[in-house]
Protein chains: 4
Amino acid sequence: MAGNYLGEVFRVTTFGESHGIGIGAVIDGCPAGLELSVEKIQKDLDRRRPGQSHITSQRKESDTVQILSGVFNNRTLGTPIALFITNEDQRSKDYDHIEDAFRPSHADYTYQAKYGFRDHRGGGRSSARATAALVAAGAIAKQLISEFSLLVGAFVTQVGNLRVNKLHHESESDFLELISVVESNIVRCPDQPLAEQMIELIEQVRKEGDTVGGIITCVVKNCPVGLGEPLFSKLQSDLAKAMFSINAVHGFEYGSGFDGSSKRGSENNDVFYAKGDKILTRTNYSGGIQGGISNGMDIYFRVAFKPVATIVKAQESVNEKGESVEVKGRGRHDPCVLPRAVPIVEAAAAIVLADHLLRNRSAKL
Amino acid sequence: MAGNYLGEVFRVTTFGESHGIGIGAVIDGCPAGLELSVEKIQKDLDRRRPGQSHITSQRKESDTVQILSGVFNNRTLGTPIALFITNEDQRSKDYDHIEDAFRPSHADYTYQAKYGFRDHRGGGRSSARATAALVAAGAIAKQLISEFSLLVGAFVTQVGNLRVNKLHHESESDFLELISVVESNIVRCPDQPLAEQMIELIEQVRKEGDTVGGIITCVVKNCPVGLGEPLFSKLQSDLAKAMFSINAVHGFEYGSGFDGSSKRGSENNDVFYAKGDKILTRTNYSGGIQGGISNGMDIYFRVAFKPVATIVKAQESVNEKGESVEVKGRGRHDPCVLPRAVPIVEAAAAIVLADHLLRNRSAKL
Amino acid sequence: MAGNYLGEVFRVTTFGESHGIGIGAVIDGCPAGLELSVEKIQKDLDRRRPGQSHITSQRKESDTVQILSGVFNNRTLGTPIALFITNEDQRSKDYDHIEDAFRPSHADYTYQAKYGFRDHRGGGRSSARATAALVAAGAIAKQLISEFSLLVGAFVTQVGNLRVNKLHHESESDFLELISVVESNIVRCPDQPLAEQMIELIEQVRKEGDTVGGIITCVVKNCPVGLGEPLFSKLQSDLAKAMFSINAVHGFEYGSGFDGSSKRGSENNDVFYAKGDKILTRTNYSGGIQGGISNGMDIYFRVAFKPVATIVKAQESVNEKGESVEVKGRGRHDPCVLPRAVPIVEAAAAIVLADHLLRNRSAKL
Amino acid sequence: MAGNYLGEVFRVTTFGESHGIGIGAVIDGCPAGLELSVEKIQKDLDRRRPGQSHITSQRKESDTVQILSGVFNNRTLGTPIALFITNEDQRSKDYDHIEDAFRPSHADYTYQAKYGFRDHRGGGRSSARATAALVAAGAIAKQLISEFSLLVGAFVTQVGNLRVNKLHHESESDFLELISVVESNIVRCPDQPLAEQMIELIEQVRKEGDTVGGIITCVVKNCPVGLGEPLFSKLQSDLAKAMFSINAVHGFEYGSGFDGSSKRGSENNDVFYAKGDKILTRTNYSGGIQGGISNGMDIYFRVAFKPVATIVKAQESVNEKGESVEVKGRGRHDPCVLPRAVPIVEAAAAIVLADHLLRNRSAKL
């Protein structure tokens, strides 16, 4: 059973290759009656768009989204919402050299082996271009969950060895302020001085014909208690699954994460207290999720991206016949995918949350 | 839509509460004709069983599995395989004190909020006891994938601050030797001297009424090229989802993982070379998966466990009415869940691999 | 992907072979907080049980159901509900003669071909015995939907050439009266004099070593407007799918059904009128479903059963080697499956309705 | 969970409203390497197209299909295949009168009630126009199954009271001849003289401002033994589900169907015999399916269509406020949907067969 869908009740199926006619998504399961802003979808697509700054790929795509169905008089009908984005700036010739060769740490070899056949142009379906469809669908998910007050915000907290330290965003207003800093710099880092260092690093890496990895942190505020479906669709399970579907992601942790592994229970437990009629925890090492179910505290998680595989430097490789070849990156690529991945992480998270908001409607009689 | 199933084609649905009659699983989609060894299932259950050593919980469960259906003359029929394990040693009185109180960092509060009602005895469905059903089902998955030569082996590589360094297991024989070391000590660590330190640490932590976390590493050998269904059922996506369904897991990384985030592309890429008619990579920072699809190299990943939430020390909490209460761990619990979690990680991995082996049968005409 | 489940949100997975240890079901997705009566489950099992009258199979099964999980203090927990029924009266020797021979119009040949291997005893998984698990799960679905006032009632309207004519059951009290007549005779026919003829016919057919088919009509009262998920999970689509899963079913129609094919639109249309704040239709040729969605009128449909395949008369057949053999029915079988199929039809309908009640919770914002 | 998808492994999700931008489908799970003929897709769309003859609706749609993804150099990539058909000839004004009124026996009322909101233009998503997407996807399914020699052919066997009698199509050549007769007349009936009577009847009904129903028979030849996934995805279960998703379908039967209900087992059983190394049945009352699994004989089934609900005659109805109104059919509609429904039935059947061909790949080790 193929795997181009995400979500059970709010289900997104995406389609499209990097150098085909275009890419898109169908959402089956968006409830009827949601006022939909196309501008908000476009805004997230613009945040992901190549060519948005000098530290991203220079492929020129307007990434204009078209809604083909499911919306009437700006409101969702409860029927499938089809979204389409035309590919405008393919330069397929840039990929002639890999028509039968495999780029290191790309999906050329595995697609060839799995399907016996592949679209080599721009990596075909394995291209990060496919995430534009995810962002478009995620922007609808965001609008759905914002009806229930949920807020999703992601930002870059590491590029190479440059790391953001402690962040404060307990209150919603602090958080909104943090997000506004994030969107004010092209690397999308909440620490402005560090952002500048990150930009420099990315520029330098690009000059070297190399690439660099990093980490994105994502926070969900105002999540109601009760989302998540144990045992195998725990909220963290579905968030992790969604994040690992994003190109270049190699790690995911929530709450105390890997650091928690070296701690004692007495250090890591979050004790409960009541505040008015709300039940809260004094610390939040659980990352807002306990037993796979949201507990009403902020959800937060970190997503590790490896460096982009396409580098300008020549690399050893093989072709379809198993012969040795040398491969060099052509095409237009990102020296660091992190800045553009921020809206992708948000989109994937929003889809999971939208799905679980709806799934949770059947938890009780 | 509730979430008590794992897998699409090889689908495992589990059921059961910690202090109910028993727990079990139904596998729908195991192909017909597999010779099934009940002994092998039991062996993995014994590796997970409480009371197996002095560093685990002392609950006395024989965890004897019964196959209720789907097998005839020791071979699978292609019909659902139902597995059942009777609960034998419930001491529900140990949980009277939390009938209406919430244990810190447990699922008591979230279950109560989500379902409006819960089985407080031993944590009900949220108990790690439910993983016995997963282990039983996983032991069948292991037998299925071993027909195709796949080997899955997990081991403890960190307890508290004690960490295993570099491991060598490139060849299958090295790996089998490593696994034999793992199973020779009660903490399931491949480094025998370190294992002894870990055991000491766990004993000390137990004496303090505390608990400690750690990390399990899992390796899959002989995985064929082609497993994984992009874009949203990438092999790493489904492995991550499965791992985060395990109690206490807070982090997952594969290949270069979080470390890869600080690297350059030129350092992290795995170049291809041919050896006979096989295509291999000189390094394996990809962890055996590229573009969401296995590339034939070893798959390896690391799973971070937080310390067990139940501690003997008194902790602040609230009850269902929102009143302040003090909660102390009673019942019988593990000071460190890692040794018993090794077969659970293997089981979850084996189910994902079995599922993808079957899903991959439809990739080509 | 194997097919032993029914329903998406209220999902029932069944397991078990006719002559194995037992049969059962797991319901994943029953909302928490439902008061569950085991007596009501048992009552439906008793209505399906063999040996309940002289016109059914004489296999002696108490069909006592055991709830293994998901229920605490008589209320559903929102976790999977596992049900188990032990097989008590297998006489596997009765089937030695078909260990390698195929009974005409049974599933022996197709199971052998599909799976390469089969449990020949009593037909294994293809036995109508598996419907006991469906009835048990359906009895829980009935209790769930009755919380929302829905009533499901089925009855025999044809055996051989004996057909019930017009039925009146517009009001709920008329319907309950009709159902009480149905349950007062062993053939479960709402027309008492005809019921006696049917019983005579079945007795005669049994004496001849033969079997006879018939039709069951099912009515759903008090269904809210809005159930059904176009385009491919229309209410009639899922009802049909569920009914065709029942052994021996060869036809399904709802509303005007096959008769509607020879009608004009002007005859067959159901015009709307308002009564208080309800919108009703003057006729109900639509069978309570329009555009795949319930319209609040009675849902009704008819299910055609072929005669049971097992007959005492000798029949030509072949064995696994393709050699000619003669096969005679042994074992204990029903001369007419209709009386026992009434609760099966109700169960399958109730599961579909329960599923759609929950699925409909996501239709609107 | 919304229901706009059909199939598990070969999964088709459709989208689009009658008077929106267009309609389409995404196929997730078509194996890689299939040579795809767009002409064959277009041919089936032309067979379904309005305006193809004087006895169909006169809406002018070229129904030109565009493949947006999943195909490279005329071969399927194993990635999602997106199909799109632009709506060209909407006359939305024709529907102004039902903006807040409900047409009898249409889905206006139920969509309004379920979703709280609807696209009234041409019936929105409930329009039979949506079946064009199904036909396009089905045409790909046909090409897939024809790689395995399966043939699907449907034809009109009843319009009003005009019924085709016995058909002979045992051999493949007889069947192809029958199909060629079917496609030679505009009503798609295999009996040429009767076809002429049917055409006359439809013309007369149209003059009366009325509509008429009928029956389509569908035959599948060369189906391998083994397709179908008991217990709940039996081949007949999934065929029935797919057929009931088609607008106006009110009945489905396979093999001896409703007629079998009045028969004896001794009359209705299909005895086996061997011919070379094939196992066949002397009769085929089972309709090619036993125990939910294909047995290698011809699969055949009959699908009952009610008369189209839109009639020119004035009819009583109500509006959204519950006030009495009179509704008359405007727009362009079919007096009889049967001729255009032939490729729709074939498409739905082909999708089910393609799905089961792939699902069956996991039946055995």
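Annotation: of all residues in the range D:43-63 being surrounded by 15 or more Cβ atoms within 10 Å (Cβ to Cβ) and closer than 22 Å to A:Ala82 by Cα, the one that is nearest to the chain's Cα centre (by Cα) is D:Leu45. Applying the condition of being in a strand (DSSP E or B) and open to solvent by less than 10 Å² (accessible area, probe 1.4 Å) to the range D:78-108 and asking which residue is farthest from A:Phe15 (Cα to Cα) yields D:Ala101.
Taking the range A:335-364 as the range and being open to solvent by less than 20 Å² (accessible area, probe 1.4 Å) and among the charged types (D, E, K, R) as the test, the residues that pass are A:Glu346, A:Asp355, A:Arg359.
With a requirement of 3 or more residues that are within 14 Å of chain D (Cβ to nearest Cβ) and either modelled with pLDDT of 95 or more or closer than 18 Å to C:Ile145 by Cβ (or both), the strands (runs of 3 or more DSSP E) lying completely within the range C:1-77 that satisfy it span C:11-16, C:22-28. C:Ser92 - would you say it is among the polar types (S, T, N, Q), touching a residue at least 40 places away in the same chain (Cβ under 8 Å) and either within 14 Å of chain D (Cβ to nearest Cβ) or closer than 21 Å to C:Val337 by Cβ (or both)? When the stated conditions are applied, C:Ser92 does not pass them. Of the residues making up the range D:215-269, those that are at positive phi and in contact with a Ser or Thr (Cβ under 9 Å, 6 or more places away or on another chain) are D:Asn222, D:Gly226, D:Gly228, D:Gly255. Looking at the range C:205-323, the strands (runs of 3 or more DSSP E) lying wholly inside it that each contain 1 or more residues that are open to solvent by 10 Å² or more (accessible area, probe 1.4 Å) and of a type in the set (Val, Ile, Thr) sit at C:214-221, C:278-281.
Whether a residue is facing chain D (nearest Cβ under 8 Å), more than 25 Å from D:Gln112 (Cα to Cα) and not β-branched (Val, Ile, Thr) was assessed, and C:Ser245 passes this test.
Taking residues in the range B:33-56 that are β-branched (Val, Ile, Thr), and partners anywhere that are at pLDDT below 95, the pairs with Cβ atoms closer than 6 Å and at least 6 places apart or on different chains are B:Thr56/B:Pro50; B:Thr56/B:Asp334. Restricting the first member to the range D:270-281 and to residues that are farther than 12 Å from C:Ser317 by Cα, and the second to residues that are at pLDDT 95 or above, the beta-carbon pairs closer than 9 Å and six or more apart or on different chains are D:Lys278/D:Gly296.
The residue that is farthest from B:Ile199 (Cα to Cα), counting only those in the range B:330-365 that are over 24 Å from the mean Cα position of the chain (by Cα) and in a loop (DSSP other than H, G, I, E, B), is B:Leu365. For the range B:144-163, the condition holds for at least one residue, the condition being that it is buried (at least 19 other Cβ atoms within 10 Å of the Cβ) and within 14 Å of chain C (Cβ to nearest Cβ).
Against the conditions (1) in contact with a strand residue (DSSP E or B) (Cβ under 7 Å, 6 or more places away or on another chain); (2) of a type in the set (A, V, I, L, M); (3) within 30 Å of C:Arg330 (Cα to Cα), C:Ile311 satisfies every one except (1). The single residue among C:Ile299, C:Ile279, C:Ile311 that is among the aliphatic types (A, V, I, L, M) and touching a helix residue (DSSP H, G or I) at 6+ places or on another chain (Cβ under 6 Å) turns out to be C:Ile311.
The set of residues from the range A:184-204 being in a loop (DSSP other than H, G, I, E, B) and either without any contact (Cβ under 8 Å) to a residue 40 or more places away in the chain or open to solvent by less than 10 Å² (accessible area, probe 1.4 Å) (or both) comprises A:Ser184, A:Asn185, A:Val187, A:Cys189, A:Pro190, A:Asp191.
Checked against the criterion of being in contact (Cβ under 8 Å) with a residue 60 or more places away in the chain, of a type in the set (S, T, N, Q) and under 21 Å from C:Leu151 (Cβ atoms), the candidates C:Ser317, C:Ser294, C:Ser286 yield just one match: C:Ser294. When the test is whether a residue is of a type in the set (D, E, K, R), farther than 30 Å from D:Ser362 by Cβ and touching a strand residue (DSSP E or B) at 6+ places or on another chain (Cβ under 8 Å), B:Asp89 does not pass it.
Within 12 Å of chain D (Cβ to nearest Cβ) and within 22 Å of the chain's Cα centre (by Cα): which single residue out of C:Gly116, C:Gly124, C:Gly138 fits that description? Among C:Gly116, C:Gly124, C:Gly138, only C:Gly124 is within 12 Å of chain D (Cβ to nearest Cβ) and within 22 Å of the chain's Cα centre (by Cα).
With respect to the stated conditions, A:Asp210 is in contact (Cβ under 8 Å) with a residue 24 or more places away in the chain and out of contact with any Asp or Glu (no Cβ under 8 Å at 6 or more places or on another chain).
The residues of the range B:248-266 that are more than 7 Å from chain A (Cβ to nearest Cβ) and in contact (Cβ under 8 Å) with a residue 40 or more places away in the chain, listed by number, are B:Ala248, B:Val249. Among the residues of the range A:122-136, none qualifies, meaning not one is over 23 Å from B:Tyr285 (Cα atoms), open to solvent by 40 Å² or more (accessible area, probe 1.4 Å) and at pLDDT 95 or above.
The values are calculated or read from the model by the stated rules, or taken from the named source; none is laboratory data. This one's a predicted model, so the numbers in the text were calculated from it and none came from an experiment. Counting neighbours? That spans all protein chains shown, and the Cβs are built from the backbone with ideal geometry, glycine included. Quick note on the areas: whole protein, heavy atoms, side chains included, nothing else; ligands and nucleic acids left out. Shrake-Rupley method; radii C 1.70, N 1.55, O 1.52, S 1.80 Å.
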